[in-house]
Structures are given as structure tokens and as C-alpha cells.
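Take a look at the structure below.
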Amino acid sequence: MFKKIMKGGHRKPSKSEANEPPPSTYGPGSNVVVSHASRGALVTSPVTTATHPPPPPMTSVEPLPLFRDVPVSERQALFLRKLQTCCFLFDFTDTAKNAREKEIKRQTLLELVDFIQSGASKIISESCQEEMIKMVSVNIFRCLPPGSHENTGQEPADPEEEEPYLEPSWPHLQLVYELLLRYVVSTDTDTKVAKRYIHHSFVLKLLDLFDSEDPRERDYLKTILHRIYGKFMVHRPFIRKAINNIFYRFIYETERHSGIGELLEILGSIINGFALPMKEEHKLFLIRVLIPLHKPKPIAIYHQQLSYCIVQFVEKDYKLADTVIRGLLKYWPVTNCTKENLFLGELEEVLEATQPVEFQRCMVPLFQQIGRSLNSSHFQVAERALFLWNNEHIVGLIAQNRTVILPIIYPALEKNIQSHWNQAVHGLTTNIKKMFMEMDPELFEECQRQYEEKQAKCKEVEEQRLLSWKRLAEAAAKRDGVGGEDHMITS
């Protein structure tokens with residue numbers, strides 16, 4: 001009986017426990033959780049199966065030997081100790097505080113970057129790679145400080161006019177991002193191994209950081225996420241869906257996010273690589289995400305990147321031009337002249353990629369809106385609309401469909417010549433009238449005749465209206481004269 005009890009005390013570990021590497025001990029920031037769900041199925045090679053006992057816990061930041069000063073057999077253990085050093089976080093609001101420790105960490109991060117860049121990722125074990133991603137997570141995943149609009153309630157300002165917020169811990173943060181980037185782009189990094197640590201949760205947290213107000217951080221994030229998208233094909237649908245969710249929240253809930261431009265830059269490159277014929281999923285992305293992104297007020301901050309994405313779609317599939325143009329008309333600004341100028345510029349780029357058949361489908365509502373822009377009292381809007389006629393491709397489309405377009409646009413041209421206050425707008429309008437006259441004299445004369453007839457009818461209706469009011473006034477005066485006094489009607 002005693003022997004049976006003793007045997008029961010030594011339970012055979014399960015497969016998942018046998019595969020579980022020993023836990024590592026960190027300094028500050030050891031609360032970062034990394035998913036280990038797929039570790040039980042690891043397929044290892046002789047190089048990466050080496051396991052190293054965890055280094056003893058570090059209670060302070062002290063200088064460590066350089067990699068070149070230790071034997072190759074000890075470098076993995078040294079690598080883990082350097083990762084522990086880099087897990088200590090410091091307060092950068094006080095530059096004098098912990099200055100020595102901050103410098104030690106900075107030098108250690110520089111050495112880790114050089115170590116990975118030199119091709120070490122092919123010799124370090126999987127457990128070392130996991131610990132490295134943990135260290136990266138400890139440093140970069142944090143609560144972002146509140147935005148300036150959250151403190152003051154003001155609208156987000158143009159980034160070109162306002163000094164951007166700069167992250168105080170950037171001397172360390174930059175090197176951590178550089179380390180992650182070198183690991184991701186390295187040709188020695190095994191994607192099958194790395195995807196176990198650069199997983200969906202990690203990618204989601206990276207996307208959350210795009211709301212950082214520091215443009216340097218967003219630039220690194222943009223490059224890293226783009227590289228992850230290119231290298232980890234298994235993550236591609238998830239990344240697209242996660243970015244879509246950020247856009248949905250921005251469009252329909254907050255209208256506040258610092259990284260919309262950078263996310264659109266990534267998508268511009270992704271769209272450029274779409275295969276033809278285009279999937280329905282990608283067309284829905286255009287309709288449900290990109291076109292509604294024209295709605296938010298701060299569009300000026302990211303319009304350049306948005307316009308590039310839109311034009312990429314039309315160039316990829318010309319049949320989408322009608323959808324895009326009608327989408328622009330749906331969100332066309334009514335009182336925001338700066339935004340209307342942006343729309344007119346984007347419209348010109350889209351029309352350059354538009355084929356005649358697609359142009360004919362939307363030309364009537366399109367030129368009705370262009371006519372309203374021509375008559376804008378803001379001279380820059382009117383000028384920008386008139387500049388469309390400087391584009392040869394657009395003039396060619398107009399010439400092919402002049403019988404439909406000129407009757408729509410002619411009243412707006414006449415109104416500008418007769419009453420617009422700006423001399424430059426007046427001159428440009430005159431040139432366009434001459435262009436139409438030379439293009440089709442008979443059609444021009446017919447439009448002129450119809451316009452004059454319409455104006456004469458409007459004038460006649462106005463005269464009749466004034467005459468009716470005059471008769472009413474005379475009738476009221478006669479009644480008052482007969483009654484001899486005013487009568488008050490009371491209810």
C-alpha cells in the first residue's frame with residue numbers, strides 16, 4: 001500500500017504540460033499576457049528546441065556584457081537577461097530621474113537591434129523569440145495620454161498648424177519599435193514560429209496604438225503593420241476586418257482618431273495588390289467604408305490618402321466609377337467650402353480614370369452639382385470647378401455628351417457672367433462659353449435661346465406676381481376708405 005501511494009505522488013505530466021516551457025521572471029510590467037494556445041503543436045528543429053533555464057529575477061538595471069564578449073553557447077542566456085533589463089519601465093517626465101538606468105536600457109536596446117539585424121533570429125530559440133515579443137509588449141502596449149480635444153473639448157486641429165504631441169519615452173520606444181520591425185522583416189524569421197507570438201491579440205493592440213498623437217510612433221506602426229500584413233498571410237483577412245472596425249467607429253461614433261491617414265496609406269498599398277476580377281468583399285469595403293469616410297468633418301487631415309485609395313479602385317475596375325461619383329455626390333458638402341474644394345480635386349482624379357460608358361450613367365446629377373459649384377460665392381470653389389475644363393480627358397467626355405451637359409450647365413455660366421463678383425471667375429467662365437460655342441455653335445445657340453425664353457417667362461411670372469400684390473393692396477385701401485375706420489379681427 002505504501003508503495004502504491006508513493007507511485008501516485010509522481011504523476012506523469014500531460015502532453016500540454018510537457019511542452020510548456022519554464023516561466024520567465026520579469027521586472028516591472030510582468031502582467032503582459034501572451035496567448036500560448038498553439039504551443040502544444042509546435043514543430044521544432046534541432047536548432048530551436050534548445051531550452052534555457054530562466055535567468056534569476058532582476059531587481060535593478062545593471063550593465064551586462066556585450067554579445068561579442070561571451071561565447072556563442074552563452075549568448076541565448078545573455079539575450080534573455082538583456083530582455084529582462086529592457087522590461088524595466090521608467091518615468092520620462094523627469095529627465096534627471098534614473099538617468100543612469102535609462103542609458104543602460106537604451107544601450108541594451110541598441111545592442112538587441114544589432115543582434116537581430118545581424119541574422120540572430122535564425123539561431124535564437126523559440127522561447128527566446130517569445131520572450132522578446134513579451135518585452136516588446138511590455139514597452140509599447142500602454143494607455144495613451146488623452147488627446148488635446150479631450151482636455152479642452154475643441155475640434156481636432158490641422159496637424160500642419162499645430163505642434164504635435166511627442167511621446168516623452170520615445171528614446172526607448174523608438175528602439176523597441178525598431179527591434180520589432182527588424183524581427184518582422186528579417187528573412188531569417190520563421191513565419192510559422194513567429195505567428196504564434198505575433199497573433200491576433202498582438203495585432204489588435206498594435207492597431208489601438210494608431211490613435212497615438214505622436215506622428216513618429218504612427219509612422220513606425222504603419223511600417224510594422226504593413227510588413228506583418230505582407231509576411232503573415234494568415235492574418236490578412238483579420239487585419240482588414242480590424243481596420244474596418246476602426247473606420248466604422250470613427251465614421252459613425254467618434255469622428256476622432258489620430259491614425260486614419262496612416263491606416264489609409266496601408267490600405268492604398270493593399271488595394272494596389274488586389275487581383276482581378278475584384279472580390280465582392282473588396283467592393284463592399286469601397287461602398288461601406290471608403291465612400292462614407294467623406295462624411296466626417298476632419299476629412300482634410302486624411303483626404304490625400306483617401307483620394308488615393310478611391311482612385312486605385314477606379315483604376316483597377318473602371319465599372320466602379322459610377323458608384324464612386326454617386327457616392328461623392330451623396331456626401332457633397334453644402335456650406336463647407338474647404339471640404340468642397342477637396343471634393344472637386346478628388347472628382348477630377350476620378351474622372352481622369354472614368355470611361356465614357358460609366359460617365360454617361362452619372363453625368364446628369366454630376367453636372368447639376370458642378371453647376372451649383374460654379375455659382376458658389378466663394379471664389380476658390382467656383383475657380384476649382386471651372387478648372388475641370390483644363391483637363392483634356394474631362395473635356396473629351398464633355399464634348400462627346402455635350403447635347404446633355406450644355407443645357408444643364410449653360411444657366412450657371414450665364415449667371416456667373418452676369419452677376420459673379422470675382423473677376424477671375426468671370427474670365428474663366430467666358431473662356432468656357434467660347435469653348436462650347438466653338439464645339440457646337442448650333443447647340444450653343446439653342447441653349448442660349450432656351451435660356452432667354454426661360455428668363456423671359458420668369459420675368460413675366462414675377463411681373464404678374466407684383467401686379468397681383470398691387471391689386472390686393474388697392475382693394476384693401478378702397479375697403480378701408482369705405483369703412484372709414486380700421487377693423488380688428490379677433491378670435
Out of segment 301-314, which residues are over 18 Å from residue 274 (Cα atoms) and either crowded, with 18+ Cβ neighbours inside 10 Å or more than 12 Å from the chain's Cα centre (by Cα) (or both)?
301, 302, 303
Just one listed residue, out of 91, 69, is surrounded by fewer than 19 Cβ atoms within 10 Å (Cβ to Cβ), touching a Lys or Arg at 6+ places or on another chain (Cβ under 7 Å), over 24 Å from residue 191 (Cα atoms) and not hydrophobic (A, V, I, L, M, F, W, C), and it is 91
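So that you can scan it fast, the table gives a plain yes or no per residue for (1) under 30 Å from residue 104 (Cβ atoms); (2) modelled with pLDDT of 95 or more; (3) under 16 Å from the mean Cα position of the chain (by Cα); (4) among the acidic types (Asp, Glu):
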site	(1), (2), (3), (4)
165	yes, no, no, no
168	yes, no, no, no
177	yes, yes, no, no
196	no, no, no, no
205	yes, yes, no, no
208	yes, yes, yes, yes
223	yes, yes, yes, no
226	no, yes, yes, no
245	no, yes, yes, no
Failed condition for residue 297, given (1) at pLDDT below 95; (2) open to solvent by 40 Å² or more (accessible area, probe 1.4 Å); (3) of a type outside the set (Gly, Ala, Ser); (4) over 30 Å from residue 165 (Cβ atoms), with all others met?
(4)
Within segment 193-203, can one find any residue that is open to solvent by 50 Å² or more (accessible area, probe 1.4 Å), among the hydroxyl-bearing types (Ser, Thr, Tyr) and part of a loop (DSSP other than H, G, I, E, B)?
no
Quick check, is residue 418 modelled with pLDDT under 95 and assigned to a helix (DSSP H, G or I)?
yes
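The values are calculated or read from the model by the stated rules, or taken from the named source; none is laboratory data. Every value quoted in this text rests on a predicted model; they were computed, and no experiment measured them. In this analysis, Cβ positions are derived from the backbone assuming ideal geometry, glycine residues included, and neighbour counts consider all displayed protein chains. For accessibility, only protein heavy atoms count, side chains too; no ligands or nucleic acids. Shrake-Rupley method; radii C 1.70, N 1.55, O 1.52, S 1.80 Å.
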